[in-house]
Amino acid sequence: MDRADAVRLLPEKHARALTLHDQGWDDTRIAAALEMEPESIGMLLRVAKAKLQQLLDNPPKMDKRLEVPLDPPESPRV
């Protein structure tokens, strides 16, 4: 599983935050786009990165026909 595939499996808010961050957006712009407080973006990105790393380290088994995980990933402890 590559990084782009793993990002697509993240919850929407986490995936959007990571994508915007990767595009060079600062916390204030990301917060506005996600309708959140800027102070919350750092924690959101830390959780998103932890979930992403978990998916990359332990990719879920995928049904190739449906392109969906057969077993949902567990939430990391942060």
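Read-outs: derived from the displayed coordinates by stated rules, not from any lab. Predicted, not measured: the structure shown is a model, and the values here were computed from it. Backbone-built Cβ (ideal geometry, glycine too); neighbour counts: all protein chains shown.
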Checked the range 27-55 for anything over 24 Å from D5 (Cβ atoms) and either touching a residue at least 40 places away in the same chain (Cβ under 8 Å) or not in a helix (DSSP H, G or I) (or both); matches are E35, M36, E37
Given the condition buried (at least 18 other Cβ atoms within 10 Å of the Cβ) and either closer than 24 Å to D57 by Cα or not aromatic (F, W, Y) (or both), answer yes or no: does some residue in the range 29-37 qualify? yes
For the range 1-26, the count of residues that are surrounded by 12 or more Cβ atoms within 10 Å (Cβ to Cβ), of a type outside the set (D, E, K, R), assigned to a helix (DSSP H, G or I) and out of contact with any strand residue (DSSP E or B) (no Cβ under 9 Å at 6 or more places or on another chain) equals 9
